[in-house]
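Trainee: Take a look at this one; I'll ask things after.
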Amino acid sequence: MVTRECVVEITEHTGAIRALDISNDSTRFASVSADDTVRIFDIASGRRLIPPLQPGYLVVGIKFSPDASRIAIATYHIDAYDGSFRDDEYISELLITVYNTSSGSYLSKVSLARNHGVQKPASPNWVSWSSDGQQVYVASPGKITAFDTSTSSSSEWYIHANGDHQQVSTVTSSKFIACSTGSSVSFWDCVSREQIGQILLHASPINCIAVSRDGRRLACGHGGGITVHSLEGFIPEDYLPGILCLPLMRVSTTALKSWIQGDPTETEAILSDEIAQRSNPTHDLLAICALIRTHLGEWRTALETAEKSLQVKPSPIGWIARSIALFGAGEQEVAFNKLDLMFWDCDPSDNKLLWVIKSVFLFVRNKPKNAISRLRHFIDTCHICDAKMKDVYLQVLGMMYLKQGDYGNAVETLGTVENAFTTEDRGSLMSLFIIFNWNFENLKSIAWQRARERLYATGSMKEVGDTLLKMVNPLPENEKERAHGDILQEIITRSGEVTLLAWNGKSSTCNSCLPSSPEVYAQTSSISSSHTLQGEALQERIAELRAIVPFPDALMTYGFLTRSQPVQFVRFRLRLPCIVFRVKSLRKEEGNVYHAETVGLGDVTFTTADPLPLTQPRKLVFVNPWIDHFQELHGVRDEDESDMESNTHVGTRSNPDADIDVELVREPMIEEVPTPPSRSLDADVHTQALELIAHLGQPFRALLLLKQPLDGAYKRVATDHEIVVQGIKDDVLRNIRVEVLEVL
């Protein structure tokens, strides 16, 4: 129920109240009385919040800052002041003092006029804050003074040189100031201090003015009346809050926010309402509405709206909207030919963006090679002074690669964007977003993620190498190795793709089984990861093995290889299931050539620059890590992971991204021996086991590992060339064991 009762009443002042102000958050108000004290009260309870402020002299104006944390107090020091408030008094000194509203402490002060006979303004709203709370604007005849509260400095610019009294008010966006003198109101840019828009004229003198918080309405008090004006038409639209000026167009922030949120239907409704509310909608409002309608597939309606835009004013955005509508309506050749009309009505500064738009039009017209070629030419010929525009080209080119699924080139292109984007640069991308619905937000991160996902699924080492190079090339040199190491360990853990360990050259500092550069994946091998036997040769080898490998041993070996746990990384420690071959003796020859006598592989020759322990050869092992190949041959790669992990002696991660503690293996662990099957098993099982063992006897690429002294883990020995061994000897085929080694 409305009672109209008094909420709070203050009787603390001893003289007449001269000025009042309420904070923007409506939690407090300030007052000035004839005793020249300023008091701040809680608006709900009426309790005074701080001791009275006593700035001295005659207090004529007060104004809270936008966040209410400070208050600006304007004071006069008048010669021979006798306590009256006469209109013919002249100022000896005009001061602006700023206080903290919580503690009452003095913050800053500036003298804006001294001994100039500046006449006292006729209205209390001659002082106002900028919306960011950094400046206080003060109007006096012929000029505006801006007081910077952070530096206690002031500057001024001159207006209404022949004016009399004037008032000042600022909009929330702090873009312009409205000033009145006599019967006119003028508008001024807060940054350039130049006059903007048209002068608003009244038939009678204006006593006071006020601008609405949204910056769209101006109230003028004159005589006994008040007139409220819409500022649309008096000042440029980009000065009005709620209007965003982008290259080629101006759009309301409400419509843009809706479009960014991905609701074209609501966006179209907002724009339609804006058109309906205006007697003369602008050309760019109509063009943007046409573009949104093309995104909704309303081609004919969009074409009609674009035509209306061009009737209001021929413009690039109007021709663009018309061409896109024609394209969607099936008139593709006409659309592309008419697109060039946008160059006739453009500002020269827009030419570069228009060429980008034509390139994108080519791309969506299913001519991606032509579009990409054009953009590359723009990038290559871009002047140093056009570095910002070059980054716009790179963003658009990266988007094209991304849409083609060429994630490697997308990452490489976007990684070369060097400059931090300014509002103007983002404006170009925002215009492209509205025209083509290409969202450039977080584009680099999206490209990285998709490139990584592609790498997880690929089986081609060359593709992995090419993509990794493109991903890390834009990075600083000191970050490249760690970056591709991170990606490789995740690929191997997620996919179990151990073929990425098949390289020779320098090891990474991240892990010795990873290469220092993805360039090694371009190497050609003299042998595949594991040779396979086929046809008669395979059948003959199986027949030979029946006489060599007893039935239980064959099935036990089969169990070891088909039930082995997958390879994985945990914090750059590689858990590598592999067949291990011990080194019995080692000797070195000239040229870093080594000869190793092994158990199961015979003599192996290799070359490495790494120092090896000639007197402790048993610290070295050759391994065959291509167990996943044998699992593929026998269709067990897709077994349930929990079943395969049940044979491991160490903790594993079902989610490679999870940050969990895992017990480290101190010594190479041997898999639990599977229980041998009974003799009653079908003979086909025996044949299948012997087939797998037959493949073990084929040549393969071995890795050489060196045991470390502290925790029993291993490091890979970097060899100059691949180590190819001729396969496992027949005398050890019956005693094969799979071990899980920790590799640093």
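Trainee: Among the residues of the range 472-491, is there at least one that is among the acidic types (Asp, Glu), over 27 Å from CYS578 (Cα atoms) and either touching a strand residue (DSSP E or B) at 6+ places or on another chain (Cβ under 7 Å) or modelled with pLDDT of 75 or more (or both)? Working first, answer last.
Mentor: First, pick out the residues of the range 472-491 that are among the acidic types (Asp, Glu): 477, 479, 481, 486, 490.
Subset that is over 27 Å from CYS578 (Cα atoms): 477, 479.
Pick out the ones that are also either touching a strand residue (DSSP E or B) at 6+ places or on another chain (Cβ under 7 Å) or modelled with pLDDT of 75 or more (or both) and you get 477, 479.
Taking every residue of the range 472-491 in turn, at least one turns out to be among the acidic types (Asp, Glu), over 27 Å from CYS578 (Cα atoms) and either touching a strand residue (DSSP E or B) at 6+ places or on another chain (Cβ under 7 Å) or modelled with pLDDT of 75 or more (or both).
Trainee: Quick test for you: out of LYS143, LYS175, pick the one residue that is among the basic types (Lys, Arg), under 48 Å from the mean Cα position of the chain (by Cα), under 24 Å from ASN24 (Cβ atoms) and at pLDDT 70 or above.
Mentor: Numbers: LYS143 fails: under 24 Å from ASN24 (Cβ atoms).
It is LYS175.
Trainee: If you go through the range 4-40, how many residues are under 47 Å from the mean Cα position of the chain (by Cα), open to solvent by less than 30 Å² (accessible area, probe 1.4 Å) and more than 20 Å from LEU107 (Cα to Cα)?
Mentor: Qualifying residue count, the range 4-40: 0.
Trainee: Counting only residues that are under 52 Å from the mean Cα position of the chain (by Cα), part of a loop (DSSP other than H, G, I, E, B) and among the polar types (S, T, N, Q), how many does the range 579-629 have?
Mentor: 2
For (1) modelled with pLDDT under 90; (2) open to solvent by less than 40 Å² (accessible area, probe 1.4 Å); (3) closer than 18 Å to GLU722 by Cα; (4) in contact with a Leu (Cβ under 6 Å, 6 or more places away or on another chain), each residue gets a yes or a no:
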| position | (1), (2), (3), (4) |
| --- | --- |
| SER564 | yes, yes, no, no |
| GLY591 | yes, no, yes, no |
| LEU601 | yes, yes, yes, no |
| PRO617 | yes, yes, no, yes |
| VAL623 | yes, yes, yes, yes |
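Trainee: May I ask you to list the residues in the range 672-687 that are modelled with pLDDT under 80 and polar (S, T, N, Q)?
Mentor: Across the range 672-687, the qualifying residues are THR675, SER678, SER680.
Trainee: List every residue pair whose Cβ atoms sit under 9 Å apart, with the two residues 6 or more apart in sequence or on different chains, where the first one lies in the range 307-322 and is of a type in the set (Ser, Thr, Tyr) and the second, anywhere, is open to solvent by 50 Å² or more (accessible area, probe 1.4 Å).
Mentor: Taking only residues 6 or more apart or on different chains, the pairs are SER315/ASP345.
Trainee: Within the range 331-339, identify whether any single residue is of a type in the set (Asp, Glu) and open to solvent by 60 Å² or more (accessible area, probe 1.4 Å), and answer yes or no. Walk me through how you get there before you give the answer.
Mentor: Let us first name the residues in the range 331-339 that are of a type in the set (Asp, Glu), namely 331, 333.
Applying the additional criterion that residues be open to solvent by 60 Å² or more (accessible area, probe 1.4 Å) yields 331, 333.
Taking every residue of the range 331-339 in turn, at least one turns out to be of a type in the set (Asp, Glu) and open to solvent by 60 Å² or more (accessible area, probe 1.4 Å).
Trainee: Going through the range 29-61 one residue at a time, which ones are in a loop (DSSP other than H, G, I, E, B) and hydroxyl-bearing (Ser, Thr, Tyr)? Can you show your working first?
Mentor: Applying the first criterion (in a loop (DSSP other than H, G, I, E, B)) to the range 29-61 yields 34-37, 43-47, 49-52, 54-57.
Selection gives THR37, SER45, TYR57.
Trainee: If you check ALA203 against the conditions, is it open to solvent by 50 Å² or more (accessible area, probe 1.4 Å), more than 24 Å from ILE73 (Cα to Cα) and at pLDDT below 75?
Mentor: Values: open to solvent by 50 Å² or more (accessible area, probe 1.4 Å): yes; more than 24 Å from ILE73 (Cα to Cα): yes; at pLDDT below 75: no.
Considered against the rule, which asks whether it is open to solvent by 50 Å² or more (accessible area, probe 1.4 Å), more than 24 Å from ILE73 (Cα to Cα) and at pLDDT below 75, ALA203 comes out as no.
Trainee: Hey, another quick one. Name the residues in the range 699-726 that are assigned to a loop (DSSP other than H, G, I, E, B) and touching a residue at least 40 places away in the same chain (Cβ under 8 Å), would you? Break it down into steps so the answer makes sense when it comes.
Mentor: Restricting attention to the range 699-726, the residues satisfying the condition of being assigned to a loop (DSSP other than H, G, I, E, B) are 699, 708-713, 717-722, 726.
Passing the criteria: PRO699, ASP711, GLY712, ALA713, VAL717, ALA718, THR719, ASP720, HIS721, GLU722, GLN726.
Trainee: Where residues in the range 703-739 are among the hydrophobic types (A, V, I, L, M, F, W, C), out of contact with any Leu (no Cβ under 7 Å at 6 or more places or on another chain) and at pLDDT 80 or above, which of them is surrounded by the fewest Cβ atoms within 10 Å (Cβ to Cβ)?
Mentor: Top of the filtered list is VAL724.
The values are calculated or read from the model by the stated rules, or taken from the named source; none is laboratory data. All of these numbers come straight from a predicted model, not from anything done at the bench. Neighbour counts are summed over all protein chains in view; Cβ atoms, including those assigned to glycine, are modelled from backbone coordinates with ideal geometry. Heavy atoms of the whole protein, side chains included, go into the accessibility calculation; ligands, DNA and RNA do not. Shrake-Rupley method; radii C 1.70, N 1.55, O 1.52, S 1.80 Å.
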